[in-house]
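The values are calculated or read from the model by the stated rules, or taken from the named source; none is laboratory data. Small disclaimer: the values here were computed from a predicted structure and weren't measured. Here the Cβ positions follow ideal geometry from the backbone for every residue, glycine too, while neighbour counts run over all protein chains shown.
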Amino acid sequence: MPKTSNQIASAVSLLKEGKIVAFPTETVYGLGADISIPSAINRIFEIKGRPTNHPLIIHFSEISQLERWAQKIPKAALQLAKYFWPGPLTLILPRTDRVPLNVTGGQNMVGLRIPNHPIALALLKAMGPEKALAAPSANRFGRISPTTANHVFDELGNTVDMILDGGSCKVGLESTIVGFNNNTVTVLRPGSIQPTKLAEVIGKNVIFPKSKNLSLRVSGSLDSHYAPVTPLEIWLTKPLFERALELQKQELHIIMLGWSKVFLNWGENKDFVLFSMPTDPEVYANKLYATLRQFDNGQYDRILLEAPPNNPSWMAIIDRLQRASCVPFIEAAQQPKYR
Ligand code: TXA
Ligand code: MG
């Protein structure tokens, strides 16, 4: 498409001048900057309002460039890269000197990924084999990642120099992040690639630190992230109903998002705004951020969300929801699997 190739050419010139270009990936939209231009990297942190010790993920287009950015690459990392790239997987590896420390938050480890989106790949290829783009999710620090070009504009407006529109992101949740340490392989951020699949590819166990109880965090260690402005609360199905009635008595406007039949049946003929969420985890993930944005419009005092099923394929969704929830949500593992 000539229109797209013109836009890619403009994006490349802007990036090479140290400007910031938001672009689509299969996970979420990224806020791109040339890693070799310090002022561009500084601007990324400024635009996002992100602390400068939070490392950025580096994006590139060809697996043959991996050794340009990483060294002492473990065999398991190479196996995963070959199997999943381009794809929603970020590998944390020792950086080479070509990766500036301002990109890694001062650490000697760097996060690397080849995204699987035609526009992202075309952009990265057009930058040339010696270049790479730092690209954190194109949202303000702590907020929900954007999954459409409009979300990016709503979030950042004209603070970015260009937004490449690639439609809505297929996966909808950020990449799976994997780290390697003393012969162990650890999932640091769950994503659409399941730990069991990673283990199958490398032929050995993969550690998921929170896998015993589906990443439960205790009250007080709540790390607000991926959060809408409207307070979001997650509850198991039955407590959700009690909570809704309690908030209703306080005359608060609430929107309830749920997936089970029990949820939808309960809500029938009651004076609540109910929204039915997908029951397939891939579809749920794809819609989640857009749905939260849709209801985060000042119209509601509270978003109440029914905890998803207790099942490993919901792990990444539960992880993000727990960070978005303003109440400690420590009982996820007790959620039954009923429909
Ligand atoms: O799907 C994604 O990964 C998206 C798209 C745009 O590629 N990017 C993304 O970037 O989610 P960001 O910056 O929003 O999240 C990056 C995460 C952070 O939680 C950061 O701590 C972790 O990756 N990370 C990056 N480099 C790291 C490193 N060297 N060591 C440990 N964690 C790292
Ligand atoms: Mg982010």
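Taking the condition more than 15 Å from residue 139 (Cβ to Cβ), at pLDDT 95 or above and charged (D, E, K, R), does residue 17 pass? Considered against the rule, which asks whether it is more than 15 Å from residue 139 (Cβ to Cβ), at pLDDT 95 or above and charged (D, E, K, R), residue 17 comes out as yes. Per the conditions (1) away from ligand 1 (no atom under 13 Å from the Cβ); (2) in contact (Cβ under 8 Å) with a residue 24 or more places away in the chain; (3) among the charged types (D, E, K, R), the sole criterion not satisfied by residue 143 is (1).
Can you name the residue in region 288-309 that is assigned to a loop (DSSP other than H, G, I, E, B) and in contact with a Phe, Trp or Tyr (Cβ under 7 Å, 6 or more places away or on another chain) and is also farthest from residue 192 (Cα to Cα) among such residues?
Taking region 288-309 as the starting set, the residues that turn out to be assigned to a loop (DSSP other than H, G, I, E, B) are 296-301, 307-309.
Then keep just the ones that are in contact with a Phe, Trp or Tyr (Cβ under 7 Å, 6 or more places away or on another chain); that gives 307-308.
On the way: 307: 18, 308: 15 Å.
The qualifying residue farthest from residue 192 (Cα to Cα) is 307.
Report yes if residue 47 is in contact with a Leu (Cβ under 7 Å, 6 or more places away or on another chain), surrounded by fewer than 23 Cβ atoms within 10 Å (Cβ to Cβ) and at pLDDT 95 or above, otherwise no.
Numbers: in contact with a Leu (Cβ under 7 Å, 6 or more places away or on another chain): yes; surrounded by fewer than 23 Cβ atoms within 10 Å (Cβ to Cβ): yes; at pLDDT 95 or above: yes.
Yes, satisfied.
Is one or more of the residues making up region 158-174 in a helix (DSSP H, G or I), among the hydrophobic types (A, V, I, L, M, F, W, C), closer than 24 Å to residue 13 by Cβ and within 16 Å of ligand 2 (Cβ to nearest atom)? For region 158-174, residues in a helix (DSSP H, G or I), among the hydrophobic types (A, V, I, L, M, F, W, C), closer than 24 Å to residue 13 by Cβ and within 16 Å of ligand 2 (Cβ to nearest atom): absent.
Considering only residues that are assigned to a loop (DSSP other than H, G, I, E, B) and more than 25 Å from the chain's Cα centre (by Cα), look in region 253-287 and name the one that is modelled with the lowest pLDDT.
Applying the first criterion (assigned to a loop (DSSP other than H, G, I, E, B)) to region 253-287 yields 253, 259-260, 268-272, 277-280.
Add one more test, that the residue is more than 25 Å from the chain's Cα centre (by Cα), and what stays is 253, 268-272.
On the way: 253: 94, 268: 78, 269: 75, 270: 80, 271: 83, 272: 89.
Here the answer is 269.
Of the listed requirements (1) free of Cβ contacts under 8 Å to residues at least 60 places away in the same chain; (2) closer than 24 Å to residue 165 by Cβ, residue 105 misses just one: (2). Could you tell me whether residue 52 is surrounded by fewer than 24 Cβ atoms within 10 Å (Cβ to Cβ) and in contact with a helix residue (DSSP H, G or I) (Cβ under 7 Å, 6 or more places away or on another chain)? Considered against the rule, which asks whether it is surrounded by fewer than 24 Cβ atoms within 10 Å (Cβ to Cβ) and in contact with a helix residue (DSSP H, G or I) (Cβ under 7 Å, 6 or more places away or on another chain), residue 52 comes out as yes. Residue 129 meets the conditions (1) away from ligand 1 (no atom under 12 Å from the Cβ); (2) on the phi > 0 side of the Ramachandran plot in every case but one. The failed one is (2). For region 22-44, check the following and say yes or no: at least one residue is modelled with pLDDT under 95, small (Gly, Ala, Ser) and on the phi < 0 side of the Ramachandran plot. Checked against the condition, which is being modelled with pLDDT under 95, small (Gly, Ala, Ser) and on the phi < 0 side of the Ramachandran plot, region 22-44 yields no hits at all. All of 122, 77 fail the test of being among the small types (Gly, Ala, Ser), closer than 23 Å to residue 207 by Cβ, in the same structural domain as residue 19 (by TED's automatic domain parsing) and away from ligand 2 (no atom under 16 Å from the Cβ), apart from 77. Among the residues making up region 21-43, those that are in contact with a Leu (Cβ under 6 Å, 6 or more places away or on another chain) and among the hydrophobic types (A, V, I, L, M, F, W, C) are 21, 22, 23. A search for C-beta distances below 6 Å between a residue of region 23-48 that is in contact (Cβ under 8 Å) with a residue 12 or more places away in the chain and assigned by TED's automatic domain parsing to the domain that holds residue 104 and any residue that is within 15 Å of ligand 2 (Cβ to nearest atom) and among the hydroxyl-bearing types (Ser, Thr, Tyr), counting only pairs 6+ apart in sequence or on different chains, returns 27/175; 28/137; 28/145; 28/147.
Among the residues of region 130-147, those that are crowded, with 21+ Cβ neighbours inside 10 Å, within 15 Å of the chain's Cα centre (by Cα) and in a loop (DSSP other than H, G, I, E, B) comprise 135, 136, 138, 139, 144, 145, 146, 147.
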